[in-house]
Amino acid sequence: MAFGCTRTRRAGSPSACRRRGSSGRRRGATALFADPERRGDNLGVVVNPVRVRSLRDFGDIDLVATRLLDAERRKESTKSAEILSQRAKELPGGIPLYQIEYSLASTRGSKRILTTVTIADRRLYIVNIAVADSQDEPVDLTTLGMLRRALDSFALLG
C-alpha cells in the first residue's frame, strides 16, 4: 500500500493524491479512502494552501502535536486524546515531515490516529489514518505495522 501527492509550482493549482482502494468524501478531505467492512477505518488526505513556507516556520513537532490534540479536544464529541508517539524526519530536498500517533476516545468510539504533516510549496499536506482501537477490541500489531508502513510511504511526487 503506497500513495503520494503530486506537487505543482503554480499558485492555486490543485495537487493530485492517489492510492489504491475505494474512495469516498468527507468535508475537508482532498481524498478519502475507507474500509467498507470496518466503518470508521479510513485514510484521508488534505491539501490546503498556506502562508507558511515550511513546517519549521509553523513550529517544532512538539508544538504541532500539541496544536493537533488541542483541536481534537475542542470537538464536542471528544472524550480524551493522548499522544502515543511522534517522529520528525525529512523528505528528499530537506522538506520536514512530522508523524504523530495518538489515541482518541469519542462518543463514536475509540480510535488510533496516525498522522503525517508537511508543508511544501506553500501547501499543507496532512495524511490521517484512523483505525478502531478499544480495550475490548485493540488493533492488532500486524495491522498497525501495515498502517505505519502506509504512512511512511507518503511522498511528494514532482
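Below, the figures for the structure above:
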| read-out | value |
| --- | --- |
| Spin-label pair R67/I83, simplified geometry with 7 Å Cα→Cβ offset, distance in nm | 1.3 nm |
| Whole-number Å³ per residue for the convex hull built on Cα positions in region 96-158 | 87 Å³ |
| Fraction of beta bridges assigned by DSSP in region 76-115 that are antiparallel (%, nearest 5) | 100 percent |
| Computed E for A105/R51 - FRET, C-beta separation, R0 25 angstrom, nearest 0.05 | 0.15 |
| Mean shadow area of region 42-117 over all directions, Cα convex hull, nm² | 5.6 nm² |
| Shape parameters for region 16-158, alpha-carbon atoms, Rg then Dmax in Å | 14.9, 43 |
| Selection from S85, Y125, V64 lying farthest towards where the dipole of region 17-158 points positive, charges on Cβ | Y125 |
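Laboratory data are not the source of any read-out in this text; all were calculated from the coordinates shown. Quick caveat: nothing in here was measured; it's all calculated off a predicted structure. Here the Cβ is made from the backbone with ideal geometry for all residues, glycine too, and neighbour counts use every protein chain on show.
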